[in-house]
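Right, one structure below, let's go through it.
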Amino acid sequence: MKAKWQQEVKDLLASPEFKRWWEDLCATEANLVRTAAELEEQLSQVTLLEFRAEFTQKKGIDTLDEANEHEYAAEGMQAEASELENKALEAVARFEELRFLVSDLWSKLGAREHQLEHFRTAGDKGKAKGLDREVRLAREEYEKEMAKKVRSWDDVERMWGRALEINLMIAENRIRARKVRRQSEQNFLESERHRQNAERLREEANASEERLAELEQRIKELYRLAAQRLSCIAEKEFLYWQQRENNKMVWAVPLVEDRSSYNIEVTPLTLYQVDRVRGVEFIEPVPERVVSEDEDGRIDDFFRAGSTG
C-alpha cells in the first residue's frame, strides 16, 4: 500500500476504473444476495417437500393397513354369516317338524273337543268326564308344542336378521376397503410427486450453491483487484489508504451504508479518516482540505517572520 494525499484518493474515487470496479462489486453483491435468498427458499421448499413426502407415505401405509383391516373384517363376517345361514336352515327344518306336529295336535284336539261336546249334549256324563281330562291334556300338549314352534320361528327370524345385518356389513366393508385402498394409492402417488419435486429442487439448490460459491469467489477477486490496482487495503466494508498528510491517520472509504454501528453515520464512497491504531472504532469526517505537517511548519515560519519585521 502506498500513502496518498487527500486529492489523490478523491481522484481515484472519481476515476472510470474505480467506477467500473464499484459497479461490478455492487452488481455481484446484489446477485449474491439474490442467489442466497433463492437458495434459502429452495432449501426451505426441499425440506417442506421431503416432509410432505414422508407424511403422505405414512398416510398411504396407514390407509393401506385400514383397507386390509376392512377386508379381514369382511372375511371374518362372511364365515359368521355362512354359519348363521346353515343354522337358520336347521332351525327352519325344526320349525317345519314342529309345524306338522302342532298341526296334528290341533286336529286331534279338535276331534276330542268335538266328541266331548257330543257326549255332553247326549248327557253321557261318564264318558264326558273321562274325555274332558284327555281334552285338557291334549290342549296342554298343543300349547306346549305351539310355544316351541313360536320360539323356533323366532330363532329362525333372529338368525335371518343377523345374517342379513352381517351381509350388509360385509358389503360395506368391501366397499370401504376398495375406497381406502384407492386413497392409499393416491397417497403413495402424491408422496412420489413430492419426492420428485424435492429432488428437482435439490438439484436447483445445488446449482444455486455453486453460483453462490462463484459469486463469493468473484467478490474476493474484486477485493484483491482493488488492493492491487488502487494500492489500498481492501476489507469487507472499507477501503484504506495511509495519509501522506499525517502518517498517524488513515483515509477510510466505506463500501456500505451504516447508520448505527459506528460512532457516526457512514455513507458509501464518502471519504473519512481514522486513527491508524483505533481504526473504524472512531471515524472522523474529513474537512474540505487537510493541511499536512509540512504545511503547518511553513505557516508557523511565515507568521514568525512577519512578527519580527
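The values are calculated or read from the model by the stated rules, or taken from the named source; none is laboratory data. Bear in mind the structure is a predicted one, so any value in this text is a computation, not a measurement. No Cβ is skipped: glycine too gets one built from the backbone with ideal geometry, and neighbour counts run over all protein chains shown.
Overview of results
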read-out: Which listed residue, of 39, 64, 49, is surrounded by 17 or more Cβ atoms within 10 Å (Cβ to Cβ) and not assigned by TED's automatic domain parsing to the domain that holds residue 190; value: 39
read-out: Residues satisfying the stated conditions in the range 67-81, i.e. in contact with a helix residue (DSSP H, G or I) (Cβ under 9 Å, 6 or more places away or on another chain), more than 20 Å from residue 182 (Cα to Cα) and loosely packed, with under 14 Cβ neighbours inside 10 Å; value: none
read-out: Boolean, residue 215 is more than 30 Å from residue 20 (Cα to Cα) and not polar (S, T, N, Q); value: no
read-out: Output for the range 277-290, where each listed residue is surrounded by 15 or more Cβ atoms within 10 Å (Cβ to Cβ) and either within 49 Å of the chain's Cα centre (by Cα) or not in a loop (DSSP other than H, G, I, E, B) (or both); value: 280, 283
read-out: Any hit, the range 191-203, residues being over 30 Å from residue 39 (Cβ atoms) and either in the same structural domain as residue 81 (by TED's automatic domain parsing) or in contact (Cβ under 8 Å) with a residue 24 or more places away in the chain (or both); value: no
read-out: Segments classed as strands (runs of 3 or more DSSP E), wholly inside the range 222-276, with at least 3 members that are out of contact with any Phe, Trp or Tyr (no Cβ under 6 Å at 6 or more places or on another chain), of a type outside the set (Gly, Ala, Ser) and on the phi < 0 side of the Ramachandran plot; value: 238-242, 272-275
read-out: First in the range 84-107 and in the same structural domain as residue 136 (by TED's automatic domain parsing), second anywhere and assigned to a helix (DSSP H, G or I) and polar (S, T, N, Q), Cβ under 6 Å, 6 or more apart; value: 94/152; 95/152; 98/152
read-out: Restricting the range 82-119 to residues that are more than 23 Å from residue 157 (Cα to Cα) and basic (Lys, Arg), the residue that is surrounded by the most Cβ atoms within 10 Å (Cβ to Cβ); value: 112
read-out: Sole exception among (1) more than 24 Å from residue 255 (Cβ to Cβ); (2) over 47 Å from the mean Cα position of the chain (by Cα) for residue 41, by number; value: (2)
read-out: The range 1-31 - residue that is charged (D, E, K, R) and surrounded by 13 or more Cβ atoms within 10 Å (Cβ to Cβ) and, of those, nearest to residue 256 (Cα to Cα); value: 29
read-out: Among residues of the range 108-128, those that are small (Gly, Ala, Ser) and either outside any helix (DSSP H, G or I) or in contact (Cβ under 8 Å) with a residue 60 or more places away in the chain (or both), counted; value: 1
